[in-house]
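Since the structure comes first, as structure tokens, the remarks are kept for the end.
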Ligand code: CP
Ligand code: NVA
């Protein structure tokens with residue numbers, strides 16, 4: 001049975017920490033000139049039903065960097081666009097490739113693919129989760145702060161896919177997470193309840209961004225309208241206006257707080273230009289780390305026999 005990466009809650013704290021450690025080690029080795037060839041002769045398919053710059057390119061670069069091959073399919077290129085059942089596609093694809101990386105809408109789509117796939121399925125973003133992104137974010141925090149345990153991490157903005165995956169990470173990795181979200185835009189209640197029942201430290205949702213970032217070591221934000229929510233964009237701009245991460249909000253955080261944004265960023269909406277481009281921002285390292293964490297994920301999940 002293949003093991004899949006669908007949501008962070010499917011993994012223990014030590015398993016997540018081991019993946020991040022492996023990525024940090026591979027990054028260090030790559031910079032020292034080591035050429036990893038863990039997946040020579042192996043192939044993955046990227047099936048993307050939503051746009052992507054970073055996730056697509058970093059998965060492709062990671063797989064080529066490991067000596068493997070990539071087949072990229074957008075939704076309009078496949079029979080999914082003509083309603084071929086997922087369970088049929090999953091079983092066929094697994095006969096051609098060694099892993100499936102999928103970006104799509106409903107979490108139930110990746111869950112169903114995984115149920116029928118003989119090869120690992122990796123969630124590259126759904127409406128509910130963005131687990132690979134949060135792994136590279138955690139790696140970036142460790143590089144900057146040296147640890148995750150006992151840090152105070154704040155999320156400011158929409159209780160979206162990113163927020164849900166951060167909540168699951170908090171339940172496994174021993175940091176305090178406070179999310180500031182407007183009323184009606186809180187994270188998924190079931191994910192929150194399950195995470196709280198397992199977490200060692202508090203996971204709290206508040207309304208006031210200043211309360212969430214008070215003394216925080218790490219501040220996170222993301223777009224106010226995610227992919228698929230374009231029709232709500234104008235309304236969301238009004239609702240989320242008090243949730244901008246700017247210099248004034250940053251002044252409430254710890255003096256050495258860092259700022260994360262998974263990108264793409266909308267300057268002067270969820271984050272000010274000065275904060276995004278300023279000395280506290282680690283977004284470019286965070287974006288680079290996607291490639292290193294994807295190498296670690298592919299090497300770990302595709303370990304074992306080839307097709
Ligand atoms: N952060 C992220 O997932 O970016 P892309 O949408 O460009 O892949
Ligand atoms: N929440 C955003 C993340 C983009 C990487 C979205 O789903 O569009």
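The values are calculated or read from the model by the stated rules, or taken from the named source; none is laboratory data. Since the model is a prediction, treat every value here as computed from it, not as a measurement. Cβ placement follows ideal geometry from the backbone for every residue including glycine, while neighbour counts extend to all protein chains displayed.
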Return the only residue of 252, 186, 200, 230 being surrounded by fewer than 16 Cβ atoms within 10 Å (Cβ to Cβ) and more than 16 Å from ligand 2 (Cβ to nearest atom). 200
Can you go through 246, 220 and tell me which one is surrounded by 14 or more Cβ atoms within 10 Å (Cβ to Cβ), over 28 Å from residue 172 (Cβ atoms) and modelled with pLDDT of 95 or more? 246
Identify the residue in segment 161-175 that is within 16 Å of ligand 1 (Cβ to nearest atom) and touching a strand residue (DSSP E or B) at 6+ places or on another chain (Cβ under 7 Å) and, among all such residues, is nearest to residue 11 (Cα to Cα). 166
Pairs, first more than 13 Å from residue 122 (Cα to Cα) and assigned to a helix (DSSP H, G or I) in segment 46-65, second at pLDDT 95 or above and within 13 Å of ligand 2 (Cβ to nearest atom), C-beta under 7 Å, six or more apart: 54/263; 54/287; 54/290; 58/290
Scan segment 277-294 for residues that are within 16 Å of ligand 1 (Cβ to nearest atom) and either over 30 Å from residue 242 (Cβ atoms) or out of contact with any strand residue (DSSP E or B) (no Cβ under 6 Å at 6 or more places or on another chain) (or both) and report the count. 10
Considering 40, 45, 114, which residue is buried (at least 16 other Cβ atoms within 10 Å of the Cβ) and closer than 23 Å to residue 292 by Cβ? 45
Does residue 97 satisfy being modelled with pLDDT of 95 or more and within 23 Å of the chain's Cα centre (by Cα)? no
For segment 123-138, how many residues are more than 8 Å from the chain's Cα centre (by Cα) and either within 11 Å of ligand 1 (Cβ to nearest atom) or buried (at least 24 other Cβ atoms within 10 Å of the Cβ) (or both)? 3
Please determine, by comparing only the residues of segment 255-265 that are more than 14 Å from ligand 2 (Cβ to nearest atom) and touching a strand residue (DSSP E or B) at 6+ places or on another chain (Cβ under 9 Å), which one is farthest from residue 293 (Cα to Cα). 257
Could you check, for segment 144-160, whether at least one of its residues is more than 18 Å from residue 211 (Cα to Cα) and within 14 Å of ligand 1 (Cβ to nearest atom)? yes
Within segment 89-108, which residues are in contact (Cβ under 8 Å) with a residue 24 or more places away in the chain and in a helix (DSSP H, G or I)? 89, 90, 91, 93, 107
Can you find, within segment 113-168, the residue that is nearest to ligand 2 (Cβ to nearest atom) among those that are out of contact with any helix residue (DSSP H, G or I) (no Cβ under 8 Å at 6 or more places or on another chain), under 21 Å from residue 253 (Cα atoms) and not in a helix (DSSP H, G or I)? 159
Members of segment 18-45 that are assigned to a helix (DSSP H, G or I), touching a helix residue (DSSP H, G or I) at 6+ places or on another chain (Cβ under 7 Å) and over 22 Å from residue 117 (Cβ atoms): 20, 22, 23, 24, 26, 27
